[in-house]
Amino acid sequence: MGRKYKFRDQQSAYFVTFTVVDWIDVFTRNDYRVILVDSIKYCQQNKGLLVYAWVIMTNHVHLIIGTDGTKQLERIVGSLKRHTSQVLREAINENPAESRKRWMKWIFEREGLYNPNNTDWQLWQQHSHPIDLSDPFMSKQRLDYLHNNPVKAGFVTEPQYWQWSSAFDYCGGKGPIDVIFME
């Protein structure tokens, strides 16, 4: 992780982005989105991950997260990315309906071979670029940005209509991931 982007204060909330290498649209299938949701929930239940907001787009994920102090945030993020990469690899390989299987495998394997931090597969770009949200203005701006991502992409007309986001929670509903509301 570069010097500019670090989890410096374990007490702060952070805006992070996980981007699929080459911006490949992996998360067009609900099966793959569910793997990511289940992995986030596991980290909440077992690693101390606090989730304030989230959105899954087709080729990237935005999260506003923190830690309850059980584990360091950078370790939770690393574990989450590593686990989802492994499980998604298996899911892609085993999905008989995956028409892009050979192409995606070729790219992920190529990326893994070129990155000394991996052995043979890389799903996520290396960095998450954590942005400290201790400033209330920045927190509100990032929350709005995150929730409006599906609207800007043209997937929905209102943020709360995107099933793969915490926007529904912020409008009084209950989504699949427990969130802690930001002020």
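Throughout, read-outs are computed from the coordinates displayed, never taken from laboratory work. The shown structure was predicted, so the numbers you read here are calculated from the model rather than taken from an experiment. Here Cβ is always computed from backbone atoms with ideal geometry, including for glycine, and neighbour counts include all displayed protein chains.
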Is one or more of the residues making up the stretch 68-82 in a helix (DSSP H, G or I), without any contact (Cβ under 8 Å) to a residue 60 or more places away in the chain and of a type in the set (Ser, Thr, Tyr)?
-> yes
Next on the checklist: For the stretch 113-125, check the following and say yes or no: at least one residue is hydroxyl-bearing (Ser, Thr, Tyr) and within 17 Å of residue 15 (Cα to Cα).
Outcome noted: no
Scanning the stretch 62-89 for residues that are basic (Lys, Arg), more than 13 Å from residue 49 (Cβ to Cβ) and crowded, with 16+ Cβ neighbours inside 10 Å gives 89
Residues in the stretch 148-168 that are touching a Lys or Arg at 6+ places or on another chain (Cβ under 9 Å), surrounded by fewer than 19 Cβ atoms within 10 Å (Cβ to Cβ) and touching a residue at least 60 places away in the same chain (Cβ under 8 Å) total 0
When the stretch 105-139 is checked residue by residue, the ones that are part of a helix (DSSP H, G or I) and touching a Leu at 6+ places or on another chain (Cβ under 9 Å) are 108, 111, 112, 139
The condition of being in a strand (DSSP E or B), within 16 Å of the chain's Cα centre (by Cα) and more than 20 Å from residue 134 (Cα to Cα) holds, among 55, 37, 16, 51, only for 55
